[in-house]
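Colleague: Pasting a structure here, questions to come.
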Amino acid sequence: MSGINIEDLEKSVENIVNEAEEKRLKILENARKKAAEIMEKPIPVEEYEKEVEKIVHEAEKEAEEIVKRAEEKAEKLGELDPETREAVIKEILRVIAGVE
């Protein structure tokens, strides 16, 4: 044969497997350390809080505009003659109730 001994081959394979296992353990250890570092860092919520404040502010402005327009429409409704006003109110109630 070519002089390769089965015992030497088995030892080489065992060394390769052991080295691979050591590398795997080091990689896992490093990954755990990095994960722990990430978990210890505070979450930057300031950016999200600013976005929430902006959305709330815009919603409040929009709500104020809607109320203002509704008040203006209500004033105009009061200016209508009683018969027309009653017809408009009935139509609004039909729409709200979903009646045709």
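The values are calculated or read from the model by the stated rules, or taken from the named source; none is laboratory data. Treat the numbers as computed from the prediction; the structure is a model and nothing was measured. With ideal geometry, Cβ positions are generated from the backbone for all residues, glycine too; neighbour counts draw on all protein chains shown.
Colleague: Only one of these is among the basic types (Lys, Arg), surrounded by fewer than 10 Cβ atoms within 10 Å (Cβ to Cβ) and out of contact with any Phe, Trp or Tyr (no Cβ under 9 Å at 6 or more places or on another chain): Lys23, Lys41. Name it.
Modeller: On the way: Lys23 fails: surrounded by fewer than 10 Cβ atoms within 10 Å (Cβ to Cβ).
Every option except Lys41 fails the conditions.
Colleague: Another question, if that's okay. So if I check each of Glu79, Glu49, Glu62, Glu91, which one is at pLDDT below 85 and surrounded by 10 or more Cβ atoms within 10 Å (Cβ to Cβ)? I'd like the intermediate steps shown before the answer.
Modeller: On the way: Glu79 fails: surrounded by 10 or more Cβ atoms within 10 Å (Cβ to Cβ); Glu49 fails: at pLDDT below 85; Glu62 fails: at pLDDT below 85.
Going through Glu79, Glu49, Glu62, Glu91 in turn, the sole match is Glu91.
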